Amino acid sequence: MVPGESPTEKQGQPGLGVSLPRAALSGLCPRCGAKTLFAAPAALAHECSHCGLNITGLERGGRFVGVVTMLLALILILAALGIDEWLRPPLWLSLVVWGPVTVGGVVYALRFYKTMWVYHQYEERQQP
């Protein structure tokens, strides 16, 4: 910690007791650690309602969101084809299993990517 800095300023930082996956799942603000990073499951809030941090200023427009989604889609398709070849489940079971897995995987991947990007931008702007 830098002299003159309060311990709560870096409360949400992954390097100080909070892992990046936990910050992504919980939606922790990089400045105060409050659960205010996301306004919707995969949409960033405009600003932290707890400390007033401008989150949209830290986001650079989701440059590689499509790439992240396509890579996840490729992984899920290969997994579904492999499990279908191995276990031969009925079609209805495949739909019941892979529908929620796909939605949950995409939402978590987007939350993780956006959290990682916001935390990176926040740390970059904090350094002189």
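Only the coordinates and a few stated rules stand behind these numbers; no lab work does. Computed from a predicted model, the values in this text were never measured in an experiment. Cβ placement follows ideal geometry from the backbone for every residue including glycine, while neighbour counts extend to all protein chains displayed.
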Worksheet, complete the sentence: Computed on Cα atoms only, the convex hull of the chain has an orientation-averaged projected area in nm² of 9.4 nm²
Worksheet item: Mean residue ellipticity at 222 nm from the helices of the chain, using -39,500 (n - 2.57) per DSSP H segment of n ≥ 4 over the full residue count, to the nearest 500 deg cm²/dmol?
Response: -18000 deg cm²/dmol
Practice prompt. Report relative contact order for the chain in percent, whole number only (criteria: Cα-Cα under 8 Å, sequence separation at least 6).
Written response: 27 percent
Worksheet item: Once both axes come from the Cα atoms, what is the angle between helix 65-87 and the longest principal axis of the chain, in degrees from 0 to 90, rounded to 10?
Response: 30 degrees
Item to complete: Evaluate the charge dipole of the chain about its Cα centre and quote only its size in Debye, nearest 20, assuming +1 on the Cβ of each Lys and Arg and -1 on the Cβ of each Asp and Glu.
Response: 80 debye
Response to the item:
To the nearest 0.05, the calculated FRET efficiency linking Ala40 and Val65 through their beta-carbon distance, R0 being 22 Å, is 0.95
Worksheet, complete the sentence: Filtering chymotrypsin sites (Phe, Trp or Tyr not before Pro) in the stretch 35-128 by DSSP loop and by at most 16 other Cβ atoms within 10 Å leaves Phe64
Worksheet entry | C-alpha long axis of helix 91-126 to longest principal axis of the chain, angle in ° | 20 degrees
